[in-house]
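Beneath this line is the structure, given in structure tokens, with notes to follow.
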Amino acid sequence: MDRHPLESLPVETLAEGKFLRLAQRGPWEFVERVNTSGAVVIVAVTLDDKLVLVEQYRVPLARYVIELPAGLVGDIQGQEHEALVTAAERELLEETGFQAARFEELATGPTTAGLADEVVTFLLASGLERRHDGGGDEHEEIVVHEVPLAEITARLRDFEAAGKPVDTKIFTGLYFLAQRR
């Protein structure tokens, strides 16, 4: 396919923060990730076949949201070139208190291609061992949920019925998990 005509237009910065830049190319406004080298989403399954989920308040939605553990890669000063697995290990332990014996890359792709340039990598974490209760860092208040895979559909419906949106990346992670089993 030939280059799109918009590719030749310059990108203008409209606003910039620590990790996001609002940009415009021609008529198109979008968000760029800055000061990171990527993002990881972790599909963590316990030895007794439970999916590890996190619940945390998300300012843009002004609600608690049910999600897979996740985080930015290369966002810590001095660790700008960290490996995906290193970031996944850090985020999983910090958010959930679990340490994984193994990580396997499942897929990489954009999350909201019409809005942002962010690309995430899904990683399967297995051989989990609990190290502490989790809960996130000093800026997070994370509640950890371990949901039996056999009950996942019903439990996700329960979360939504309780007014807690379910991040659709959970369904993507479940799809890739099913492909591995």
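The values are calculated or read from the model by the stated rules, or taken from the named source; none is laboratory data. It should be emphasised that the depicted structure is a prediction, and the values quoted were computed from it without experimental measurement. With ideal geometry, Cβ positions are generated from the backbone for all residues, glycine too; neighbour counts draw on all protein chains shown.
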Has segment 40-49 got at least one residue that is in the same structural domain as Thr96 (by TED's automatic domain parsing), over 13 Å from the mean Cα position of the chain (by Cα) and among the charged types (D, E, K, R)?
-> yes
Search segment 146-173 for residues that are outside the structural domain of Gly135 (by TED's automatic domain parsing) and under 10 Å from Ile66 (Cβ atoms) and pair each with any residue that is of a type in the set (S, T, N, Q) and in a helix (DSSP H, G or I) when their beta-carbon atoms are under 7 Å apart and the residues are at least 6 apart or on different chains.
-> none
Report, by residue number, each residue of segment 1-22 that is assigned to a loop (DSSP other than H, G, I, E, B), closer than 20 Å to Ser37 by Cβ and in contact with a strand residue (DSSP E or B) (Cβ under 8 Å, 6 or more places away or on another chain).
-> Phe19
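Would you mind stating whether Thr111 is at pLDDT below 95, within 19 Å of Phe19 (Cβ to Cβ) and hydroxyl-bearing (Ser, Thr, Tyr)?
Values: at pLDDT below 95: yes; within 19 Å of Phe19 (Cβ to Cβ): yes; hydroxyl-bearing (Ser, Thr, Tyr): yes.
Taking the combined requirement at face value, the residue satisfies it.
A quick yes/no check of all residues on (1) assigned to a loop (DSSP other than H, G, I, E, B); (2) at pLDDT 95 or above:
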site: His139; (1), (2): yes, no
site: Val147; (1), (2): no, yes
site: Arg155; (1), (2): no, yes
site: Glu160; (1), (2): no, yes
site: Lys164; (1), (2): yes, yes
site: Tyr175; (1), (2): no, yes
